[in-house]
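Below: the structure, in structure tokens.
The values are calculated or read from the model by the stated rules, or taken from the named source; none is laboratory data. These numbers were taken from a predicted model, which means no experiment stands behind them. Quick reminder, even Gly has a Cβ in these numbers, built from the backbone with ideal geometry, and neighbours come from all protein chains shown.
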Amino acid sequence: MDTTLTIIAGIVYPGLITTLVLGLLYRWLVGGAGDRGTTSGLSAALRSREGLAALMGILAAAGGLVALPWPAHPTGGTHTWLWAWAGIELAFLVPLAPALAAGAPRVVRAAVRRAQIGTFGRVLLWAAMTASLSIHADWRFAALPTHLLSLIAAMIAFPIAVGWGPFDDEVSITEAGTQAGLPPALRWLDNQARDVASGALLAATVVATLPTAIGPLWLRLMMIVVGFIIAGGLLRRLGGRMPRLALPDILHLGWAYVAPLAAAAAVALIIAGRLT
């Protein structure tokens, strides 16, 4: 493999620069109120454990996206889904590690809630996407039920996976959730890391569930951009329309709706394989 192409993939597309752009686009699309901090004192924030964890999360998100089969991938495209899963999971969990290790019980409790809900949602989301990923380039009529069921399940699971809207932090636990007591620069950095991770996961969902492996290059790239924008707009409409849900309610929602759809997609995949 050409070293130059590998460097381009890791730094430019679909690597770090693309990941940062997706994070900014995600934040612009979904909006969101509240104090997001400032960049004043950012150099000191970067030297803290919270700052280092945020930076590691951003790099992990970039690594996860590089492992996905993007159109016009510089190295010819990859199908290393396990590495994509690992990178994006680390992008969510590593920045949360300092809050989980904090000495303040309310901060730890808020971090545990976010970790539980996010991990549960992402397990459902990756389960929903797995069937579609298995036949990523196959969009024959027999394969359409698999892709459709995966897409519906992913749409329901995604807000849970990123902790958006009714699945966000419960601020009654502590006014600032996992960011309680952090200086403005660290709050800003933590928010950027969360936006980048969410944007990367949304892009991975779009790449996995839409027919981004077939058709002319311009159409495949446009499909990713349009899908990302539409999904971000739907998330924006969801934000603030429902109260925060308790963990048991979220678990019930996932098991009652997303899990059966993901299982149905797997069954449709088996049937599609028999019809080949």
If we keep just the residues of the stretch 160-183 that are modelled with pLDDT of 75 or more and more than 26 Å from LEU202 (Cβ to Cβ), which is surrounded by the fewest Cβ atoms within 10 Å (Cβ to Cβ)? GLY181
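Among what's in the stretch 96-132 and is buried (at least 20 other Cβ atoms within 10 Å of the Cβ) and over 30 Å from ALA256 (Cβ atoms), pick the residue that is modelled with the highest pLDDT.
Residue satisfying both the conditions and the ranking: PRO98.
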Out of the residues in the stretch 250-276 that are more than 17 Å from TRP126 (Cα to Cα) and modelled with pLDDT under 95, which is surrounded by the most Cβ atoms within 10 Å (Cβ to Cβ)? ALA272
Can you confirm whether the stretch 204-220 contains a residue that is under 26 Å from PRO248 (Cα atoms) and not basic (Lys, Arg)? yes
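Yes/no per residue for (1) at pLDDT 90 or above; (2) part of a helix (DSSP H, G or I); (3) of a type in the set (D, E, K, R):
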position: ALA33; (1), (2), (3): no, no, no
position: SER40; (1), (2), (3): no, no, no
position: ALA45; (1), (2), (3): no, yes, no
position: LEU65; (1), (2), (3): yes, yes, no
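When you scan the stretch 140-161, how many residues do you find that are of a type in the set (A, V, I, L, M) and farther than 26 Å from ALA91 by Cβ? Don't jump to the end; show me each part of the working.
So in the stretch 140-161, the residues of a type in the set (A, V, I, L, M) come out as 142-144, 148-149, 151-157, 160-161.
Going one step further and asking which of them are farther than 26 Å from ALA91 by Cβ, we end up with 142-144, 148-149.
Going through the stretch 140-161 one residue at a time, the tally reaches 5.
Does the stretch 133-147 contain at least one residue that is under 15 Å from the mean Cα position of the chain (by Cα) and either under 18 Å from SER198 (Cβ atoms) or buried (at least 20 other Cβ atoms within 10 Å of the Cβ) (or both)?
Here is the first cut: in the stretch 133-147, the residues under 15 Å from the mean Cα position of the chain (by Cα) are none.
No, the conditions are met nowhere in the stretch 133-147.
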Within the stretch 14-50, which residues are touching a Leu at 6+ places or on another chain (Cβ under 9 Å) and among the aromatic types (Phe, Trp, Tyr)? TYR26
Only one of (1) in a helix (DSSP H, G or I); (2) surrounded by fewer than 23 Cβ atoms within 10 Å (Cβ to Cβ) does not apply to ALA61, and that is (2)
